[in-house]
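The values are calculated or read from the model by the stated rules, or taken from the named source; none is laboratory data. The shown structure was predicted, so the numbers you read here are calculated from the model rather than taken from an experiment. For neighbour counting, all protein chains shown are included, and Cβ atoms are generated from backbone atoms with ideal geometry for every residue, glycine included. Only protein heavy atoms, including side chains, enter the accessible area calculation; ligands, DNA and RNA are left aside. Shrake-Rupley method; radii C 1.70, N 1.55, O 1.52, S 1.80 Å.
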Amino acid sequence: MERYKCEPSTIEFDPMCDKENPQRISFEDVSAAAFRIQSEIIKTPCVKSHMSSIFGMDIYLKNDFLQHTGSFKERGARNALILLPEEAKTRGVISASLGNHSQALSYHAHKLNIPTTVVMPNVAPIMKIQKCQSYGANVIVHGHDMKEAKYHAMSLAKEKNLTYINGYDHPHIMAGQGTVGLEILEQVPDVDAVLVPVGGGGLLAGVATAIKHLKSRVLIYGVETEKCPSMKEAMSHEEPVSVDIKSTLADGLAVPTVGYNAFRTIKSIVDKMITVNEDWLARAILRLVEQEKYVVEGGGAVGVAAIIAGLVPELCGKKVVCILSGGNIDTTILGRCLERGLAAEKRLVKFKVTVSDRPGGIAELCKLISSIGVSIKDIMQERAWVQGDIFSVRVKVVCETRGPEHMDELRNKISNSYREWDFAGEFVGRRGSVDSLLDDISH
């Protein structure tokens with residue numbers, strides 16, 4: 001492994017992730033990991049997407065959410081656990097994670113009879129916390145984000161003489177994650193580009209190392225959420241820097257500072273970094289459910305989001321693999337994602353309109369809406385705060401359309417039939433404030 005010098009750290013020291021002497025993994029590390037973990041890791045399918053014809057490229061989906069614990073993290077976790085010295089296996093291991101690494105570590109440590117403690121921030125999905133407990137791990141929920149959880153885990157490692165395993169920057173973790181790249185080349189030999197989700201950078205480092213060594217012409221794009229663009233900022237500053245984390249659908253990618261080992265590994269071999277916004281991420285989750293019948297978490301859908309958002313036009317006509325890295329999404333969050341995706345695609349629409357409060361006024365509105373095939377999902381009436389005519393009622397309607405053109409037809413019907421309306425941010429009449437669709441739905 002090649003080593004580079006970088007700035008000293010102010011947090012607890014991790015000998016496998018030394019920021020003063022970061023390690024760059026090699027192809028040999030990845031190929032050795034593939035042999036080491038093959039008996040207990042699923043070789044997940046890489047299938048052509050139904051969305052290929054829509055976006056003018058051959059899209060292949062690497063379904064690593066089909067691993068036993070629902071994410072690619074099992075590859076690195078098992079590799080790192082197998083390589084531990086015997087005395088370290090006896091003492092036990094500890095790590096911090098938003099959920100997927102914790103689950104993978106807990107599961108494979110249980111199979112290898114290694115005691116495990118995982119520290120998870122309080123934003124980690126409940127489902128992931130419960131899964132770790134079901135695998136026999138000691139779960140500690142601590143901190144508001146990954147930075148606080150990681151610091152606490154490393155403090156406990158020092159206090160209890162446990163081996164800390166970084167979920168994205170440990171060299172053995174990165175090597176294990178790189179086995180995804182080897183499988184992609186075997187399953188889609190003539191691939192032109194691979195879109196890789198980026199949180200801490202371990203998956204990107206491993207996949208880029210494997211693929212660039214065997215086929216340097218293949219483009220490697222890292223994709224992250226704009227709510228936590230830690231790798232983009234690292235590239236801009238030429239070193240890992242801390243970024244503020246905002247609430248995101250891609251909770252598994254919410255790592256404030258990318259790994260130093262990961263950054264040194266990918267710096268010269270990744271072709272492009274892309275950030276996607278939350279609306280496109282929601283739409284990607286929706287598309288995967290509707291068209292592929294896959295339930296994928298936000299962090300696993302960022303590659304698809306980049307394609308449907310039109311952020312990779314240079315890949316039109318090429319073979320592109322998107323790594324669907326995880327499927328561990330809370331049911332409640334999935335529902336919100338689908339609603340938000342429908343709203344972003346103009347298939348879930350909110351408008352407000354002032355109608356007559358005399359008998360039949362609201363019935364006429366409903367008849368008008370149904371006449372063009374629009375389905376009403378929710379309807380509310382407001383009388384006390386309506387200005388002007390005492391015999392008027394303001395009606396808020398949430399309805400389902402077939403898409404933008406159908407929504408335009410609905411808007412034209414409403415605007416031609418009523419004097420005051422407030423439709424998707426386009427207000428006509430006396431009232432001047434417009435709330436967002438999702439805020440109104442939540443209230």
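Here is how the numbers come out for the structure above:
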quantity: Test: L324 is surrounded by 23 or more Cβ atoms within 10 Å (Cβ to Cβ) and either in contact with a strand residue (DSSP E or B) (Cβ under 8 Å, 6 or more places away or on another chain) or without any contact (Cβ under 8 Å) to a residue 24 or more places away in the chain (or both); calculated: yes
quantity: Residues within segment 107-133 that are within 21 Å of F72 (Cα to Cα) and under 24 Å from the mean Cα position of the chain (by Cα), tallied; calculated: 17
quantity: Contacts under 8 angstrom Cβ, first residue in segment 397-415 being outside any helix (DSSP H, G or I), partner at pLDDT below 90 and of a type in the set (A, V, I, L, M), 6 or more apart; calculated: V398/L437; V398/I441
quantity: Selection count where residues are buried (at least 20 other Cβ atoms within 10 Å of the Cβ) and part of a helix (DSSP H, G or I), scope segment 327-338; calculated: 1
quantity: Qualifying residues in segment 229-257 (those that are outside any helix (DSSP H, G or I) and among the aliphatic types (A, V, I, L, M)) - the one surrounded by the fewest Cβ atoms within 10 Å (Cβ to Cβ); calculated: V241
quantity: Members of segment 322-369 that are of a type in the set (G, A, S) and on the phi > 0 side of the Ramachandran plot; calculated: G360
quantity: Among the candidates I372, I441, residue that is part of a loop (DSSP other than H, G, I, E, B), touching a Lys or Arg at 6+ places or on another chain (Cβ under 8 Å) and either at pLDDT below 90 or over 25 Å from R336 (Cα atoms) (or both); calculated: I372
quantity: Residue among N79, N21 that is outside any loop (DSSP other than H, G, I, E, B) and either more than 27 Å from L288 (Cα to Cα) or modelled with pLDDT under 95 (or both); calculated: N79
quantity: Cβ-Cβ under 8 Å pairs, at least 6 apart or on other chains, segment 45-60 side surrounded by fewer than 21 Cβ atoms within 10 Å (Cβ to Cβ), far side in a loop (DSSP other than H, G, I, E, B); calculated: F55/C316; G56/C316; G56/G317; D58/K318
quantity: Positions within segment 258-286 being among the β-branched types (V, I, T), in a loop (DSSP other than H, G, I, E, B) and crowded, with 22+ Cβ neighbours inside 10 Å, in sequence order; calculated: V258, V270
quantity: Residue that is surrounded by the most Cβ atoms within 10 Å (Cβ to Cβ), among those in segment 100-125 that are part of a loop (DSSP other than H, G, I, E, B) and touching a residue at least 60 places away in the same chain (Cβ under 8 Å); calculated: A124
quantity: Scan of segment 167-179 for residues that are out of contact with any Asp or Glu (no Cβ under 6 Å at 6 or more places or on another chain) and open to solvent by less than 10 Å² (accessible area, probe 1.4 Å), ordered by number; calculated: G167, D169, P171, I173, M174, G176, Q177, G178, T179
quantity: Where T354 falls short, out of the listed (1) part of a strand (DSSP E or B); (2) under 27 Å from L185 (Cβ atoms); (3) polar (S, T, N, Q); calculated: (2)
quantity: Residue, farthest from the chain's Cα centre (by Cα), within segment 377-427, restricted to residues that are of a type in the set (V, I, T) and open to solvent by 60 Å² or more (accessible area, probe 1.4 Å); calculated: I390
quantity: Hits in segment 185-226 - residues which are among the β-branched types (V, I, T) and either outside any loop (DSSP other than H, G, I, E, B) or crowded, with 24+ Cβ neighbours inside 10 Å (or both); calculated: V194, V196, V198, V207, T209, I211, I220, V223, T225
quantity: Test: residue in segment 358-366 that is charged (D, E, K, R), open to solvent by less than 80 Å² (accessible area, probe 1.4 Å) and at pLDDT below 90; calculated: no
